[in-house]
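**Student:** The structure's right below; bear with me while I get my questions together.
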Amino acid sequence: MLLEPATEFPKRWEAEKVCETYEKLKVEADVLDFDDLLTLTYDHLRKGKEQYKMCHFKWLQLDEAQDLNPLQWAIVNCITAPGANKVYFGDYEQMIFSFMGSRLDELIELEERCTIHYLKKNFRSPSYLLDIYTDFAKAHLKPRWLKTPEPNVVETAERGTLMIVEVAGTFFTEATLIVNRILPKFLSCEKPQTAIIVRSNKSAETVSKLLDAAGHNHFRIAGFDLFKRKFVKDLLAYFSCLENPNDKLGWARLFYLYVFSTLKDSRHFVNQLFFHRLTPAQFLNTSDPFKLLTSDQLTLEQKSFIHTNEKAIKLFHGSLAQLWQKHNDDMEKVTSLEVVFDEFIQHNKITFNTRQEEHDHELKEYQKLKTHIEHTCDPLKFKGLLELYVTQYRVFKESDLLLGDEKVIVSTVHKAKGLEFDNVIIAECVDGTYPFFSAKNEEEIREDARALYVAMTRAKKRLAITSHTFYNDYHKERSRFLRAVMPRFECYCVGQHNPN
């Protein structure tokens, strides 16, 4: 839930009431949030020091150390054995997750206990890009380098390689120019892969629609992650249950899909089912689930549970048993993940009589996963597909589906972190976005400078930075952060000067 910034902090009793209500809702829904995962993990590790001694590691290697918050650092300390070898990799200039609790102070304090090694050679970017990054960092980030980073490759930028373009008009006008003029130039180069990096999901959606209208296939890493979408969770839950019939979380999703109206009710039913030493697979593996009632192997308590929940079991069996039995019979057959995934998708389309428009929308989103499967998953025996690939996809995030041969990528800054592209176009580079209008103090402004630095340093060959001049009735200025690096770019004002 997002609220407008308050002019005053709420009264303590009001804040406590909101927190208490939120905790009550989580208990009623039988869910944990991300903070719970951290706090409960830390609490168990702290209280059970003897019990969790087996979790004490003598060698610890930690990447992206600048992104950890104090609680995550505390968990790291809990699982580290006394005298352990510890290696931390971090970059002060790329700390952009303060909204999740990360703090530069943690790294600075860590320096006092560690031997510092500076990796001064840059292997990603040629000298003309590294010069820009260095100038920018020195102007805005107070870098802690002992020596200025050195390029592995020394080159001079060709014409059209580095551009700053101010567009007279709104962000929509700017995005239209990116799609119709700047992007085609980059796509015609020897290394055409181009990422358009924006600050918000709303801006990513605007760019994505313009790319669709222009006929540009693209990979979008913004908004709601594909692997958090319900139909993908349901898909992976089904095949996870085929691989592991004791997957309670997977079964809860399937009962929610076919039987219950809430995930809470579904989880409760599945927990009770396993409590009675029954599994959903027992009902799906037979043509008549109620034949179990004649079995001498079931207790009276188990039979009573089946009788009480006859309606739910019957509905679940009728919805899924035919497909489940087919797939179990096919376990030793060689097939592809694409084929069996499509069988589940088509099964649900028929089961729920899904409207074609809704089905087409799901298939469009699923195409990213399908393309990754086509390129990376070899045909195997069905059982082998489940063991090798399904468990892998269950821990994926959307950016993990990038194959490297995509020509156009649209991403927010935070989701682009850790990735790299031949060409980068940074959109909406205006004051109010870099830095955000809400950034007031020095550290908040510096973090927004780090966000722009992260966006720029994704580039391996070419870099274009664009801005616009109006938002509603307000005049917009090009980001103040660019002043330090503008001499290294070709600068254009479209609407006043022709960039060609």
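**Student:** Of all residues in segment 455-476, which are at pLDDT 95 or above and out of contact with any strand residue (DSSP E or B) (no Cβ under 8 Å at 6 or more places or on another chain)?
**Tutor:** 457
**Student:** In the set 187, 242, 226, which member is open to solvent by less than 40 Å² (accessible area, probe 1.4 Å) and at pLDDT 95 or above?
**Tutor:** Details: 187 fails: open to solvent by less than 40 Å² (accessible area, probe 1.4 Å); 226 fails: at pLDDT 95 or above.
Going through 187, 242, 226 in turn, just one is open to solvent by less than 40 Å² (accessible area, probe 1.4 Å) and at pLDDT 95 or above: 242.
**Student:** Now, a different point. The conditions are (1) among the β-branched types (Val, Ile, Thr); (2) touching a strand residue (DSSP E or B) at 6+ places or on another chain (Cβ under 7 Å); (3) within 27 Å of residue 368 (Cα to Cα), and residue 391 fails exactly one of them. Which is it?
**Tutor:** (2)
**Student:** Taking the options 262, 194, name whichever one is of a type in the set (Ser, Thr, Tyr) and loosely packed, with under 15 Cβ neighbours inside 10 Å.
**Tutor:** Working: 194 fails: loosely packed, with under 15 Cβ neighbours inside 10 Å.
Result: 262 is the single residue among 262, 194 that is of a type in the set (Ser, Thr, Tyr) and loosely packed, with under 15 Cβ neighbours inside 10 Å.
**Student:** Looking at the structure I just gave you, is residue 96 in contact with a His (Cβ under 7 Å, 6 or more places away or on another chain) and in a loop (DSSP other than H, G, I, E, B)? Even if it seems obvious, please write down each step before you answer.
**Tutor:** On the way: in contact with a His (Cβ under 7 Å, 6 or more places away or on another chain): yes; in a loop (DSSP other than H, G, I, E, B): yes.
Criteria met by residue 96.
**Student:** Exactly one condition in (1) touching a Ser or Thr at 6+ places or on another chain (Cβ under 9 Å); (2) buried (at least 24 other Cβ atoms within 10 Å of the Cβ); (3) among the hydroxyl-bearing types (Ser, Thr, Tyr) is false for residue 466; which is it?
**Tutor:** (1)
**Student:** If we keep just the residues of segment 31-55 that are at pLDDT 85 or above and assigned to a loop (DSSP other than H, G, I, E, B), which is farthest from the chain's Cα centre (by Cα)?
**Tutor:** Across segment 31-55, the extreme among qualifying residues is 32.
**Student:** Which is in contact (Cβ under 8 Å) with a residue 12 or more places away in the chain, under 27 Å from residue 442 (Cα atoms) and more than 29 Å from the chain's Cα centre (by Cα), of 148, 156? Reasoning before the result, please.
**Tutor:** Numbers: 156 fails: under 27 Å from residue 442 (Cα atoms).
On inspection, the qualifying residue turns out to be 148.
**Student:** Right, something else. Is there any pair linking a residue in segment 29-47 that is over 20 Å from residue 99 (Cα atoms) to one that is of a type in the set (Val, Ile, Thr) and part of a helix (DSSP H, G or I), with Cβ under 7 Å and at least six apart or on different chains, and which?
**Tutor:** 41/75; 42/75; 45/75
**Student:** Do you know which of the residues in segment 381-399 that are without any contact (Cβ under 8 Å) to a residue 24 or more places away in the chain and of a type outside the set (A, V, I, L, M) is surrounded by the most Cβ atoms within 10 Å (Cβ to Cβ)? Show your work before the answer.
**Tutor:** Residues of segment 381-399 that are without any contact (Cβ under 8 Å) to a residue 24 or more places away in the chain, as a first pass: 384, 388, 392, 395.
With the extra rule that they be of a type outside the set (A, V, I, L, M), the set shrinks to 384, 392.
On the way: 384: 15, 392: 12.
Residue satisfying both the conditions and the ranking: 384.
**Student:** What residue, of 138, 120, is open to solvent by 50 Å² or more (accessible area, probe 1.4 Å), more than 29 Å from the chain's Cα centre (by Cα) and closer than 18 Å to residue 479 by Cβ? Quick ask: steps written out before the conclusion?
**Tutor:** Values: 120 fails: closer than 18 Å to residue 479 by Cβ.
Going through 138, 120 in turn, just one is open to solvent by 50 Å² or more (accessible area, probe 1.4 Å), more than 29 Å from the chain's Cα centre (by Cα) and closer than 18 Å to residue 479 by Cβ: 138.
**Student:** Take residue 108 and decide whether it is assigned to a helix (DSSP H, G or I) and closer than 23 Å to residue 136 by Cα. Walk me through how you get there before you give the answer.
**Tutor:** On the way: assigned to a helix (DSSP H, G or I): yes; closer than 23 Å to residue 136 by Cα: yes.
So residue 108 passes the test.
**Student:** Would you mention how many residues in segment 205-252 are in a helix (DSSP H, G or I), touching a helix residue (DSSP H, G or I) at 6+ places or on another chain (Cβ under 6 Å) and small (Gly, Ala, Ser)?
**Tutor:** Qualifying residue count, segment 205-252: 5.
**Student:** OK, next. In segment 81-110, which residue that is modelled with pLDDT under 90 and farther than 25 Å from residue 444 by Cα is surrounded by the most Cβ atoms within 10 Å (Cβ to Cβ)?
**Tutor:** 81
**Student:** When segment 373-410 is examined, which residues are found to be touching an Asp or Glu at 6+ places or on another chain (Cβ under 8 Å) and of a type outside the set (Phe, Trp, Tyr)? Steps first, please.
**Tutor:** Residues of segment 373-410 touching an Asp or Glu at 6+ places or on another chain (Cβ under 8 Å): 373-374, 377, 381-383, 386-387, 390-391, 397-398.
Within segment 373-410, 373, 374, 377, 381, 383, 386, 387, 390, 391, 397, 398 qualify.
**Student:** How many residues, within segment 66-78, are open to solvent by 40 Å² or more (accessible area, probe 1.4 Å) and in a loop (DSSP other than H, G, I, E, B)? Before you say what the answer is, go through the steps one by one.
**Tutor:** Of segment 66-78, the ones open to solvent by 40 Å² or more (accessible area, probe 1.4 Å) are 70-72, 77.
Subset that is in a loop (DSSP other than H, G, I, E, B): none.
Result for segment 66-78: 0.
The values are calculated or read from the model by the stated rules, or taken from the named source; none is laboratory data. These figures come from a predicted structure and were not determined experimentally. Cβ coordinates were reconstructed from backbone atoms using ideal geometry, including for glycine residues, and neighbour counts include every protein chain displayed. All accessible areas refer to the heavy atoms of the entire protein, side chains included, with ligands and DNA or RNA removed. Shrake-Rupley method; radii C 1.70, N 1.55, O 1.52, S 1.80 Å.
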